[in-house]
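> Pasting in a structure now, in structure tokens, and then I'll have a few things to ask.
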Amino acid sequence: MVARVTHLGALGASDHCVLLHDLNCYVTLTPTAQTRYVYDKGDYAKLREILDLDWDEVFHDCKDDIEQQYKLFLDHYNAAVDECIPRKTFTNIGSQGRTPLDQNTLRRVRKKHRAWQRFMETRQGEEHRKYCRERNWVRHLTMKLKKAYEKSIAQQSKANPKKFWRYVKSKTNTRSVIPDLISPAAGQKISGDLERAELLSLYFSSGFTQEPPGEIPRRPHLQLTTLLEWLDISTDMVYKKLQNLNTSKSPGPDSVSPRVLHEAAPSLAKPLAHIFQTSLRSQKLPEKWMKANISAIFKKGDKQIPANYRPVSLTSIPC
């Protein structure tokens, strides 16, 4: 909201200083549509039934191929999700902050509209008084529902912070966006979305250690007294982990939702345990587990400097 603050010194002989800054009160958002799954309306009984497969037979031809196993898992997972969970198109400019109304309040709203229409047709004082009574009733009911809705969001803020901050964001008139960035090398402004993403990616990657090419150096031989035996990941262990997942988290690059993993844990625990065992045995990871969605989070200072942002990674839920 406030950017590029510059200190200009004292104002004449006064002890007051002058601050020059850019103030951005409102941001014009370009409407964008995105289709997402509505997990709250999913048919999870049918989903569990579809995914209750003979996974030993599914993985029969790729017992040691971790990449192929996870690909088959995602194919069956995505097919079941497409069939059992509805989709809805959301826009970045919508009515996310509106309070959901119950049937009684909706009937009152329709009654208020009819009263207004009758008054506009007759222009009689009695019809206007009827409309005012209905209007006041609707106002009373909506305020009551709004207080109850906000109270439920506040009570669930620890368990579901995403819902809390989504509601807060819907009530604000400002939006925090990444402005034009200044390239440290060239000293010029970068304005395009792709160019800004590449500039931030270059800065974030500069913080990682560049490993030299070639084989990994071998450590000297150590005398070990205790050996790590074979680690067995059972279906029950995976099932318990799936039951304890935080279902409000977002899916990773592979689009596997923690809500689906939690609801379909009896059917998905066995294939995931099989994949984990194959990963340990082959000492490899699926390619999608090594990818992440990176978001740039502003820390402090000038928003035009890439060094004032930190990366936050969203990785695959199963890994």
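The values are calculated or read from the model by the stated rules, or taken from the named source; none is laboratory data. Since this is a predicted model, take the numbers as computed values, not measurements. All Cβ positions, even for glycine, are placed from backbone atoms using ideal geometry, and neighbour counts span all protein chains on display.
To keep it simple, each residue is scored yes or no on (1) in contact with a helix residue (DSSP H, G or I) (Cβ under 9 Å, 6 or more places away or on another chain); (2) outside the structural domain of S191 (by TED's automatic domain parsing); (3) assigned to a loop (DSSP other than H, G, I, E, B); (4) closer than 23 Å to V81 by Cβ.
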site: M237; (1), (2), (3), (4): yes, no, no, no
site: S250; (1), (2), (3), (4): yes, no, yes, yes
site: V256; (1), (2), (3), (4): yes, no, yes, yes
site: R259; (1), (2), (3), (4): yes, no, no, yes
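> Here's a follow-up. Residues T172, T209: which one is part of a loop (DSSP other than H, G, I, E, B) and either closer than 30 Å to D40 by Cα or in contact (Cβ under 8 Å) with a residue 24 or more places away in the chain (or both)?
T172
Each row is one residue, and each column tells you yes or no for (1) surrounded by 10 or more Cβ atoms within 10 Å (Cβ to Cβ); (2) in contact with a helix residue (DSSP H, G or I) (Cβ under 7 Å, 6 or more places away or on another chain); (3) of a type in the set (F, W, Y).
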residue	(1), (2), (3)
S183	yes, yes, no
A186	no, no, no
S191	yes, no, no
E195	yes, no, no
E198	yes, no, no
E215	no, no, no
R218	no, no, no
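> Give region 189-212 a look and list any residue that's farther than 13 Å from I178 by Cβ and touching a strand residue (DSSP E or B) at 6+ places or on another chain (Cβ under 7 Å), or say none.
Matches in region 189-212: F204 only.
> Kindly indicate which of L199, L272, L268 is part of a helix (DSSP H, G or I), assigned by TED's automatic domain parsing to the domain that holds K63, more than 28 Å from V58 (Cα to Cα) and in contact (Cβ under 8 Å) with a residue 60 or more places away in the chain.
Values: L272 fails: more than 28 Å from V58 (Cα to Cα); L268 fails: more than 28 Å from V58 (Cα to Cα).
Residue meeting the stated conditions: L199.
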